[in-house]
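Worksheet for the structure shown next.
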Amino acid sequence: MWNGKTVAVILPTFKEADSIADCIERFDAIGIVDDILVVNNNAHPDTSPAVAGTAAREVLEPVQGYGAAIRRGIAETRDADLVCICEPDGTFDPDDILKLLPFTADVEVVFGSRTVQTFILTGANMGFFLRWGNWAVAKLAEVLFNTVYLSDVGCTFRVLTRESLDFLEPRFEANGSAFGFEMMLITVHHRIPLVQVPVKYQERVGESSVTGHPMKTLELGIEMILMCLKRRLRPRR
């Protein structure tokens with residue numbers, strides 16, 4: 001628990017069989033996480049055996065896509081007061097949850113940011129194009145929605161209150177890789193109190209399904225820009 005509130009961690013997995021057990025164990029070792037949920041999104045066959053030897057529980061989400069996995073995880077953690085979302089691919093340091101949680105005393109949503117140079121560690125896949133591309137789309141959202149300082153649209157490490165998730169969940173539409181940005185856009189569009197906090201970004205274990213491929217990264221960036229523009233034209237509901 002964190003300050004009397006229960007904490008759940010959602011770990012979506014597809015290609016993280018070699019890193020997921022370590023990620024779970026590190027979250028568990030912090031001593032404040034009440035529930036670690038692995039959402040198996042048609043993952044590598046070695047994933048379930050790796051999870052079985054840990055403190056986490058596992059559910060299978062057959063609909064393919066990052067968004068589908070997270071939406072399933074949100075539905076499965078309704079009893080938690082605070083929900084952390086993190087990818088178990090080695091790029092994030094589970095201890096950084098201790099950076100994010102304190103801000104929940106003041107805001108409903110705490111997004112991580114990977115674009116602060118100080119916290120981009122050796123081997124991390126955050127070259128010029130990715131770093132400044134994420135920053136540019138973040139600034140587009142910041143200006144269009146006249147919201148708080150944003151510096152990264154692709155960071156999947158975040159903490160949300162149950163109240164904010166209850167509001168956001170019925171408004172989700174995306175099931176793919178742009179889901180994380182959709183969550184950010186709905187948050188800023190509806191003026192839900194938020195903040196973005198720098199987190200460490202490390203070398204990935206294995207290859208990413210998206211950022212490991214330049215063309216897929218470019219396509220995702222274009223999808224995010226269009227999503228941002230379309231969301232801005234929508235009335236709040």
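When the range 56-70 is filtered for residues that are over 15 Å from Ser19 (Cα atoms) and in contact with a helix residue (DSSP H, G or I) (Cβ under 7 Å, 6 or more places away or on another chain), the ones remaining, listed by number, are Glu58, Val59, Glu61, Tyr66, Gly67, Ile70. Filtering the range 21-53 to residues that are of a type outside the set (A, V, I, L, M, F, W, C) and more than 22 Å from Val159 (Cα to Cα) leaves Asn42, His44, Pro45, Asp46, Thr47, Ser48, Pro49, Gly53.
Filter the range 159-173 down to the residues that are of a type in the set (A, V, I, L, M, F, W, C) and either surrounded by 20 or more Cβ atoms within 10 Å (Cβ to Cβ) or in a helix (DSSP H, G or I) (or both), then identify the one that is farthest from the chain's Cα centre (by Cα). So, considering only residues that are of a type in the set (A, V, I, L, M, F, W, C) and either surrounded by 20 or more Cβ atoms within 10 Å (Cβ to Cβ) or in a helix (DSSP H, G or I) (or both), the one farthest from the chain's Cα centre (by Cα) is Phe167. Looking only at residues of the range 183-223 that are among the small types (Gly, Ala, Ser), surrounded by 14 or more Cβ atoms within 10 Å (Cβ to Cβ) and in a loop (DSSP other than H, G, I, E, B), we find that the one that is modelled with the lowest pLDDT is Ser208. Is the range 72-81 home to any residue that is touching a residue at least 60 places away in the same chain (Cβ under 8 Å), outside any loop (DSSP other than H, G, I, E, B), crowded, with 18+ Cβ neighbours inside 10 Å and among the basic types (Lys, Arg)? Checked the range 72-81: no residue is touching a residue at least 60 places away in the same chain (Cβ under 8 Å), outside any loop (DSSP other than H, G, I, E, B), crowded, with 18+ Cβ neighbours inside 10 Å and among the basic types (Lys, Arg).
Here Thr122, Thr91, Thr118, Thr156 are screened, and the one residue that is in contact with a Lys or Arg (Cβ under 8 Å, 6 or more places away or on another chain) and either among the hydroxyl-bearing types (Ser, Thr, Tyr) or assigned to a helix (DSSP H, G or I) (or both) is Thr91. Among the numbered conditions (1) closer than 22 Å to Ala178 by Cα; (2) at pLDDT 95 or above; (3) in contact with a strand residue (DSSP E or B) (Cβ under 8 Å, 6 or more places away or on another chain), the only one that Leu140 does not meet is (3).
So that you can scan it fast, the table gives a plain yes or no per residue for (1) modelled with pLDDT of 95 or more; (2) within 16 Å of Phe172 (Cβ to Cβ); (3) of a type in the set (Asp, Glu):
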position	(1), (2), (3)
Leu11	yes, no, no
Ala21	yes, no, no
Asp34	yes, no, yes
Leu37	yes, no, no
Thr47	yes, no, no
Ala50	yes, no, no
Ala56	yes, no, no
Pro62	yes, no, no
Ala75	yes, yes, no
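The values are calculated or read from the model by the stated rules, or taken from the named source; none is laboratory data. Quick caveat: nothing in here was measured; it's all calculated off a predicted structure. Counting neighbours? That spans all protein chains shown, and the Cβs are built from the backbone with ideal geometry, glycine included.
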